[in-house]
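Novice: Sharing a structure here in structure tokens format.
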Amino acid sequence: MANILLFYGFVLTLEILVILLVVWIAWSAAVGAPWVPTPRKNVRRMLELAEVRSDDVVFDLGSGDGRIIIMAAEEFGAKCVGLEVDPFRALWSWVKIRRRHLQHSVRVIRENFFRADVGSATVVTIYQGHEVNKKIRDKLSRDLRPGTRVVSYRFLLQGWTPVKTDEESSLFLYEV
Ligand SMILES: C[S@@+](CC[C@H](N)C(=O)[O-])C[C@H]1O[C@@H](n2cnc3c(N)ncnc32)[C@H](O)[C@@H]1O
């Protein structure tokens with residue numbers, strides 16, 4: 001009897017997890033927030049291309065699991081802010097930041113980056129699609145200070161001319 005109860009308990013838990021996963025994936029697609037992480041070697045290249053230093057403030061717009069802000073702090077010594085609309089990804093990156101004791105230099109905020117104040121950035125990293133990039137470009141033109149570096153992975157910021165391109169890694173560096 002106990003074994004049967006245990007079995008049904010296990011099946012029920014599994015069903016709930018699958019339903020939550022489906023809801024999460026559907027929600028991500030509906031709000032236009034799919035998660036496709038940048039491979040780590042491209043993250044490093046992204047930060048090298050922008051010549052990130054310890055006096056930089058790096059904002060990642062749509063920070064996913066926090067890999068860009070974590071590497072920028074750990075390997076380049078920068079102060080970092082991640083803006084992520086998905087609560088689970090934001091929570092997961094918060095856990096990663098705490099586990100690495102980076103909470104004094106890295107912050108992740110669960111927020112829509114279109115509504116966020118990004119004016120204190122000296123470097124902005126982006127991995128979004130064409131349509132989102134069009135809107136981001138207008139926001140960045142308004143908010144960022146002259147000289148701020150913006151690196152986009154895979155997608156161009158139409159209408160801006162890159163100051164550097166790494167075709168092999170699909171990276172485009174712009175300067176405001
Ligand atoms: C392609 S992933 C990139 C994640 C991370 N930057 C990386 O390169 O590994 C895009 C991320 O942007 C987030 N996102 C999309 N639109 C957003 C918005 N308006 N505000 C905040 N985050 C957003 C998604 O939830 C997703 O995690």
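Novice: Can we say residue 18 is modelled with pLDDT under 95 and within 7 Å of the ligand (Cβ to nearest atom)?
Specialist: When the stated conditions are applied, residue 18 does not pass them.
Novice: So for the stretch 71-78 (the condition being in contact with a helix residue (DSSP H, G or I) (Cβ under 9 Å, 6 or more places away or on another chain), among the acidic types (Asp, Glu) and more than 10 Å from the ligand (Cβ to nearest atom)), does at least one residue qualify?
Specialist: yes
Novice: Restricting attention to the stretch 79-116, report how many residues are closer than 20 Å to residue 133 by Cβ and more than 10 Å from the ligand (Cβ to nearest atom).
Specialist: 1
Novice: Quick one: which strands (runs of 3 or more DSSP E) lie wholly within the stretch 62-173 and hold at least 2 residues that are more than 18 Å from residue 43 (Cα to Cα)?
Specialist: 106-110
Results for (1) surrounded by fewer than 20 Cβ atoms within 10 Å (Cβ to Cβ); (2) in contact with a Cys (Cβ under 6 Å, 6 or more places away or on another chain), shown as yes or no for each residue.
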{"position": "73", "(1), (2)": "no, yes"}
{"position": "93", "(1), (2)": "no, no"}
{"position": "116", "(1), (2)": "yes, no"}
{"position": "121", "(1), (2)": "no, no"}
{"position": "131", "(1), (2)": "yes, no"}
{"position": "138", "(1), (2)": "yes, no"}
{"position": "162", "(1), (2)": "yes, no"}
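Novice: Among the residues that make up the stretch 54-66, is at least one of them at pLDDT below 90 and within 10 Å of the ligand (Cβ to nearest atom)?
Specialist: No - not one qualifying residue is present in the stretch 54-66.
The values are calculated or read from the model by the stated rules, or taken from the named source; none is laboratory data. Small disclaimer: the values here were computed from a predicted structure and weren't measured. Cβ sites come from the backbone with ideal geometry, for glycine too, and all protein chains shown count toward neighbours.
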